[in-house]
Amino acid sequence: MGTNNTDVVLRYWYQELWDNWNIAAADDLLTDDYRLHAPGVPVPLDRETTKQVVAMYGNAFPDLKHTVDEVIADGDTVAARWTVRGTHRGEYQGIPASGRPLSLSGVTFHHLRGGKICETWLSFDSAMVLQQIGTVPAVANA
């Protein structure tokens, strides 16, 4: 793992796990009792379910890449504001590939323990994903 909490989050969470789709890295990156709090999901996801979510996104958006726009670290908490870009090239939540581009911003708060991430709070507009891949119409300006 990285030399500090910010390094762990930037190098391993965004680059290795999400951008490189190295799902096996989750076993070293996330604690055994890891919890992911995601928009629209009523209960936190454990490490194994988080790996399944990463794989689902990897299949749906194989060229997905993160740009970390801002990072704030305080002790065992690392917050990141990010932008992700990719192309809808595989099934996403039962929606067949549209070939449409995706560009989305969000914020993630990571809590670490012993050099591993033990909890993540993820915030992004999930309806925006559906709009951009063409399954939900964009809301017109009033």
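All of the numbers you see were taken from the coordinates with simple rules; none came from a lab. As the structure is a prediction and not an experimental result, all values here were calculated from the model. Note that each Cβ is placed from the backbone with ideal geometry, even for glycine, and that neighbours are counted across all protein chains shown.
Counting helices only, and only those DSSP H runs with n ≥ 4, report the 222 nm mean residue ellipticity of the chain as the sum of -39,500 (n - 2.57) divided by its residues, in deg cm²/dmol to the nearest 500.
On the way: 3 runs with 25 residues, N = 142.
Counting only the DSSP helices, I get -5000 deg cm²/dmol.
Of the candidates Ala60, Ala26, Ala73, which one comes out as most mobile in a Gaussian network treatment of the chain with C-alpha springs shorter than 10 Å?
Fluctuation is largest for Ala73.
Take Ser103, project a point 7 Å from its Cα along the Cβ direction, then tell me which residues of the stretch 59-80 have their backbone nitrogen under 16 Å from it.
Inside the label zone: 64-69.
Run the simple label-point estimate for Asp46 and Leu130 please: 7 Å along Cα→C-beta, distance reported in nm.
With each label point 7 Å from Cα toward Cβ, the separation is 2.9 nm.
Expressed as cubic angstrom per residue, what is the convex hull volume of the alpha carbon set of the chain?
114 Å³
In whole Å, what three semi-axes, largest first, describe the equivalent ellipsoid of the stretch 38-107 built from its Cα gyration tensor (square root of 5 times each eigenvalue)?
On the way: eigenvalues 114, 60, 19 Å².
Those come to 24, 17, 10 Å.
As an exercise, use a Förster radius of 22 Å and the Cβ-Cβ distance of Asp27 and Asp76 to find the FRET efficiency, rounded to the nearest 0.05. Don't skip to the answer; put the middle values down first.
Details: r = 20 Å, r/R0 = 0.92.
The calculated FRET efficiency here is 0.65.
So what's the angle, to the nearest 10 degrees on a 0 to 90 scale, between helix 47-60 and the longest Cα principal axis of the chain?
40 degrees
Multiply the residue gap between Lys65 and Arg113 by 0.36 nm, knock off their C-alpha separation, and tell me the result in nm, one decimal place.
Numbers: separation 48, 0.36 × 48 = 17.28 nm, distance 2.63 nm.
The span from Lys65 to Arg113 would gain 14.7 nm if fully extended.
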